[in-house]
Amino acid sequence: MDYDGIALDQLPIGEVVWSDPTHLRRSLRYPGEEDIATEHATEAALDPDRLVGADPTSRTGETIRIIGYSPSVHRVLLVVVRPEEHPPAGRWEGVTARPATRRERQIYVEAQEAR
């Protein structure tokens, strides 16, 4: 699968900016959920071992999902981003992030073991 003619695993992701980090405040929408700090979401998105995939829930078709590790919180996170330009040139806007599910963590670990 590709994005603007670029293979998902080859997308340039060099910077993530958060113009509206409200979506990282998960506790506002989901009582009992934990909030994600922008710096932790950014670390996960920039993880050199990240996994990049299409976002099946995207309303616009522009967002991608990244499963990556944030060393600051010792957690695997799922981060949703969209490019600032087409084709993507490396700068992405953060949309939201959350802790990875058990299955997403398993996929991440298995991918690391396969490398």
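The values are calculated or read from the model by the stated rules, or taken from the named source; none is laboratory data. All of these numbers come straight from a predicted model, not from anything done at the bench. When we count neighbours, we look across all protein chains shown, and the Cβ atoms used for this are built from the backbone with ideal geometry, even at glycine.
Structure data summary
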item: Pick from the range 24-37, criterion assigned to a loop (DSSP other than H, G, I, E, B) and within 14 Å of the chain's Cα centre (by Cα), ranking: nearest to THR96 (Cα to Cα); result: ILE36
item: Sole residue being small (Gly, Ala, Ser) and at positive phi, chosen from GLY61, GLY68, GLY53, GLY14; result: GLY61
item: Filter pass, ARG59 being basic (Lys, Arg) and modelled with pLDDT under 95; result: yes
item: Cross-chain or 6+ apart pairs with Cβ under 7 Å, the range 96-115 first and surrounded by 13 or more Cβ atoms within 10 Å (Cβ to Cβ), then modelled with pLDDT of 95 or more and among the aromatic types (Phe, Trp, Tyr); result: ALA100/TYR108
item: Near pairs, Cβ below 8 angstrom, 6+ apart or cross-chain, from the range 1-27 (under 18 Å from GLU85 (Cα atoms)) to any residue that is among the polar types (S, T, N, Q) and surrounded by 11 or more Cβ atoms within 10 Å (Cβ to Cβ); result: VAL16/THR42; TRP18/THR38; TRP18/THR42
item: Matching residues in the range 15-36 - criterion: being surrounded by 12 or more Cβ atoms within 10 Å (Cβ to Cβ) and under 17 Å from TRP92 (Cα atoms); result: GLU15, VAL16, VAL17, TRP18, PRO21, HIS23, LEU24
item: Residues satisfying the stated conditions in the range 1-23, i.e. part of a helix (DSSP H, G or I) and at pLDDT below 90; result: PRO21, THR22, HIS23
